[in-house]
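Notes for the one structure printed next.
What follows draws every value from the coordinates through simple rules; no lab data is involved. Here the structure is a predicted model, which means the values were calculated and not measured. FYI the Cβ positions are ideal-geometry reconstructions off the backbone, even for glycines, and counts take in every protein chain you see.
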Amino acid sequence: MRPGELAARHAAVMPGWMQLYYEEPMELVRGEGFKVWDSEGNEYLDFFGGIVTTISGHAIPEISEAVKYQADSLLHSSTLYLIENQVRLAERLAELAPISGDKKVFFVGSGSEANEAALLFATAYRGSGEVIALRNSYHGRSFATMGITGQSTWRPTSRSALDVSYAVNPYRLRCPFCKEKPECTLACAEDVRQVVETTTTGHVAAFIAEPIQGVGGFVEAPPGYFERVKEILDETGILFISDEVQTAFGRTGSHFWGIEAFDAEPDLVTMAKGLGNGLSIGAVMGRAEVVDSIAGKLSLSTFGGNHVSTAGALANLEYILDNDLQGNAREVGGYLKERLGELATRHPAVGEVRGRGLMLGLEMVGSGGEPDAALAARFMEACRSRGVLVGKGGLKGNVIRIAPPLIVTREAAREAADVFEAALAEAGARTGVR
Ligand SMILES: Cc1ncc(COP(=O)(O)O)c(C=O)c1O
């Protein structure tokens with residue numbers, strides 16, 4: 001079916017608030033490694049991986065075989081019965097955890113549900129419904145997770161199941177405290193103390209943050225941020241939830257979990273996207289006593305950690321580890337970031353190049369440094385027409401997000417960087433030496 005016709009049918013029956021990329025939306029019908037093909041036979045380098053999800057790559061035989069084998073054996077039994085793959089996956093995650101001591105893992109179907117579960121455990125354990133989140137954050141589309149999301153675009157309701165306070169997010173380029181100063185002062189971390197002291201009862205359940213804000217435009221916290229915040233949290237026993245839905249499993253290159261770039265141990269971590277390489281699975285892992293704090297009540301997730309998704313997730317996790325995809329993210333991501341940095345010196349419209357590993361952002365700005373969403377949109381179209389798919393993010397939609405599967409090669413990264421250069425010129429980005 002022609003994409004134009006499908007888009008018209010989509011508009012007729014799907015909600016109007018579901019975003020479709022590009023002036024002429026496309027349907028992807030096939031993938032292989034870090035490449036995808038649309039329904040018209042066009043080939044692309046997939047540098048967004050289905051929103052930072054296809055971590056190992058498309059159609060990876062080891063993963064597909066595990067899924068096929070399981071699908072042919074048993075699709076569903078429910079968690080009322082033992083599921084070996086679920087237990088094995090939980091054991092494997094516990095071995096790899098950025099949390100010390102005894103851990104428990106609970107599987108769900110998505111990132112939103114993982115955060116919902118983390119909030120449930122944290123609020124039950126602490127006997128408090130107060131939560132601190134960061135501005136510019138994104139934690140999901142379910143009711144409670146919208147309530148801890150700090151981006152108005154993604155908050156169609158202001159109602160919340162929780163008492164939420166927002167701290168300033170660490171965002172050097174747009175920091176209200178020290179963007180004009182030569183060094184970051186970590187005033188943003190101190191803001192968490194202010195928030196606790198001024199906007200809460202003092203008995204807060206949890207602080208939740210993404211180690212690198214994903215939807216917010218790959219915004220990286222400065223060195224020392226989470227360490228300082230953790231000290232503040234520890235003063236009153238506030239739990240720390242690291243939302244690793246985008247950062248988990250080596251994507252940042254330097255570490256397996258995003259939060260490991262900081263010396264700040266979380267009490268709970270949530271994950272999804274890269275866990276299943278596209279399969280519907282999410283999980284929350286936390287200190288055993290916190291996860292078990294709802295004991296005495298029951299809870300379940302009918303589809304969470306089902307046979308097929310856990311079989312695929314196990315194969316995916318082993319694939320990431322066996323092939324050192326984290327190392328590749330570091331190597332290829334390092335090269336790509338260098339190329340993007342060079343490009344930024346020639347195009348002042350690139351206000352900042354940031355990110356780690358294969359989670360890289362280009363913030364597009366106007367001549368006064370203001371967000372330039374129109375340029376970002378034109379850039380995306382220009383990349384598409386040259387065979388590269390990227391994503392966008394940021395409160396104003398002006399940040400290009402680059403997050404290919406971690407098996408991407410340096411050669412493909414070089415090709416993509418050349419396309420980015422040409423796309424900037426075509427999109428009309430300001431050029432010149434800064
Ligand atoms: C950091 C983060 N947390 C949670 C979510 C929600 O995950 P899902 O869309 O699987 O519900 C997302 C989705 O983009 C995310 O980026």
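What separates the Cα centres of segment 148-199 and segment 229-307 is a distance of 21 Å. Summing charges over neighbours of GLY49, with a neighbour being any other residue whose Cβ is under 12 Å away from its Cβ, gives +3 when K and R count +1 and D and E count -1.
In nm, what is the difference between 0.36 nm times the number of residues separating THR201 and GLU24 and their Cα-Cα distance?
Values: separation 177, 0.36 × 177 = 63.72 nm, distance 5.02 nm.
Working it through step by step, the gained length comes to 58.7 nm.
A dipole drawn for the chain from +1 and -1 charges on Cβ atoms has a positive end, and of ILE63, VAL168, ALA425 the residue lying farthest that way is ALA425. Within the straight-line cut-off of under 18 Å between alpha carbons, the aspartates and glutamates reachable from LYS35 are GLU27, GLU43, ASP46, GLU62, GLU381, GLU411, GLU415, ASP418, sequence neighbours fewer than 8 places apart in one chain being disregarded. Across the chain, the relative contact order, built from alpha-carbon pairs under 8 Å that are at least six residues apart, equals 22 percent. Can you flag which of LYS230/LYS273; LYS68/LYS103; LYS273/LYS392; LYS104/LYS230; LYS103/LYS337; LYS104/LYS297 are past 24 Å Cα-Cα? From LYS230/LYS273; LYS68/LYS103; LYS273/LYS392; LYS104/LYS230; LYS103/LYS337; LYS104/LYS297, over 24 Å: LYS230/LYS273; LYS68/LYS103; LYS103/LYS337. Let me make sure I get this right: for the chain, a, b and c are the square roots of the gyration tensor eigenvalues over alpha carbons, sorted descending. Under 1.5 in a/c it's rounded, otherwise prolate if a/b > b/c, else oblate. Which is it? Oblate.
Farthest towards the positive end of the charge dipole of segment 257-351, among the residues TRP257, ALA272, ASN328, is the Cα of ALA272, using unit charges on the Cβ of Lys, Arg, Asp and Glu.
Please state the shape class of segment 64-322: rounded when a/c is under 1.5, otherwise prolate if a/b exceeds b/c and oblate if not, all from the C-alpha gyration tensor. Could you put the intermediate results ahead of the total?
Numbers: a/c = 1.94, a/b = 1.57, b/c = 1.24.
Prolate, because a/c is 1.5 or more and a/b exceeds b/c.
Only Cα pairs under 8 Å and 6+ residues apart enter the sum, and on that basis the relative contact order of segment 309-434 stands at 29 percent. Taking the fewest neighbouring Cβ atoms within 10 Å as the starting point, the ordered list for PHE262, PHE143, PHE121, PHE48 is PHE143, PHE262, PHE48, PHE121. Neighbours of GLY394 by Cβ distance under 15 Å: Lys/Arg scored +1, Asp/Glu scored -1, total +1. Segment 49-125 and segment 378-434 have their alpha-carbon centroids 32 Å apart. Applying a DSSP loop filter and a limit of 12 other Cβ atoms within 10 Å to the GluC sites (Glu not before Pro) in segment 138-240 leaves GLU180, GLU183.
Subtracting the Cα-Cα distance of TYR81 and MET14 from their residue separation scaled by 0.36 nm leaves 20.5 nm. Summing +1 for each Lys or Arg and -1 for each Asp or Glu among the other residues whose beta-carbon sits under 15 angstrom from that of PHE177 gives +3. Extension gain, ARG172 to ASP418: 0.36 nm times the residue separation minus the Cα-Cα distance gives 85.8 nm.
Counting Lys and Arg as +1 and Asp and Glu as -1, each charge on the Cβ, what is the dipole of segment 19-101 about the Cα centre in debye, to the nearest 20?
Values: 5 positive and 14 negative charges, 89 e Å.
Dipole size: approximately 420 debye.
Using only side-chain charges placed at the Cβ, +1 for Lys and Arg and -1 for Asp and Glu, the dipole size of the chain relative to its Cα centre rounds to 860 debye.
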